[in-house]
Each structure stands twice: as structure tokens, then as C-alpha cells.
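Read the structure below first, then the notes.
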């Protein structure tokens, strides 16, 4: 469509989700990211040995493939994940543009290097574990990118 819409003299408005729909999508995405960080983060912080031995499920214990167990590092990972969870939750509750974007970029700062590490070490795992890891690693990246895109053009009063 041209810059002017059918000779009316008005500029065409790009199609996209309605503001309220976009805000709901951003909130839902941030809440999903919050769960994705918060559940394993709490598990690692409060039950580090269990997390090491059984994450994400006892039959698919991925962390044990990277010995040795180190309680300090597992608890630190949990605490850091809960720190990110706090920011994601705050952004989901009060989805102001700058906060939502900062939370999404913060999530990417963790998840992208995490994905890169796992892609470089997939040889340790069976096919079902590789598929599970790739899905669980790529999904939060895609969700965080969606938050960034949806909040790109909105005002600071709300996403």
C-alpha cells in the first residue's frame, strides 16, 4: 500500500495486534518466561542435589552429564535465575515498555549463551534429550524476542 491510503491524505497504519491484545501477549509471554526461570531456579537454590541429579526429570537427568556436582554453583545458578524471575514477574505485573524490554533483553543475555553452550555439547545426549534441550533452550529466546518486537513501538504508559 502506498504512503497515503486510497487518496484520503492519511498515512496507512501498519497492521499489528491491537494495543490491548499486544499488552496481553506481552504479559503472558513475560509470565511464561518467569515460570521457565522460576521453577528450575527455585529447585536449584533450595534442593541443589536433587536439581543436579534429576533436572529436568529423573529419567532425563541432563545436569549429571556435566560432573562433578558443585553445590555452590548449583545454588548460585538458582539464585541468579530467581533474580531474573523477579524482574520478569515485575515486568509481567507492570508491563511498561522499558521494563518489559529490559526483562526480555536480560532473559536473552542468559538464554543465548546457554543455548550456545548446549549446542556445542549435544554429543553427550540421546536424541530425545537433544530435542528436549533444543526446544527448551530456543523457546525462551523466541518468547523474549516476541516481547521485544511487540513492545518496540508502544509508549511508556504500557506495552
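The values are calculated or read from the model by the stated rules, or taken from the named source; none is laboratory data. These figures come from a predicted structure and were not determined experimentally. Cβ coordinates were reconstructed from backbone atoms using ideal geometry, including for glycine residues, and neighbour counts include every protein chain displayed.
Descriptive notes on the structure:
- Test: residue 42 is surrounded by 13 or more Cβ atoms within 10 Å (Cβ to Cβ), modelled with pLDDT of 95 or more, under 20 Å from residue 136 (Cβ atoms) and touching a helix residue (DSSP H, G or I) at 6+ places or on another chain (Cβ under 7 Å): yes
- Residues that are closer than 26 Å to residue 31 by Cα, in contact with a helix residue (DSSP H, G or I) (Cβ under 8 Å, 6 or more places away or on another chain) and outside any helix (DSSP H, G or I), drawn from the range 51-95: 55, 56, 60, 61, 62, 95
- Residue in the range 84-91 that is closer than 13 Å to residue 144 by Cα and over 12 Å from the mean Cα position of the chain (by Cα) present: yes
- When residue 72 is tested against (1) buried (at least 19 other Cβ atoms within 10 Å of the Cβ); (2) over 20 Å from residue 136 (Cα atoms), only condition (1) is not met.
- Put simply, of 28, 54 the only residue that is over 28 Å from residue 152 (Cβ atoms) and either over 19 Å from the mean Cα position of the chain (by Cα) or surrounded by fewer than 16 Cβ atoms within 10 Å (Cβ to Cβ) (or both) is 54.
- Checking each residue in the range 126-140 for being surrounded by fewer than 19 Cβ atoms within 10 Å (Cβ to Cβ) and in contact with a helix residue (DSSP H, G or I) (Cβ under 7 Å, 6 or more places away or on another chain) picks out 130, 137, 138.
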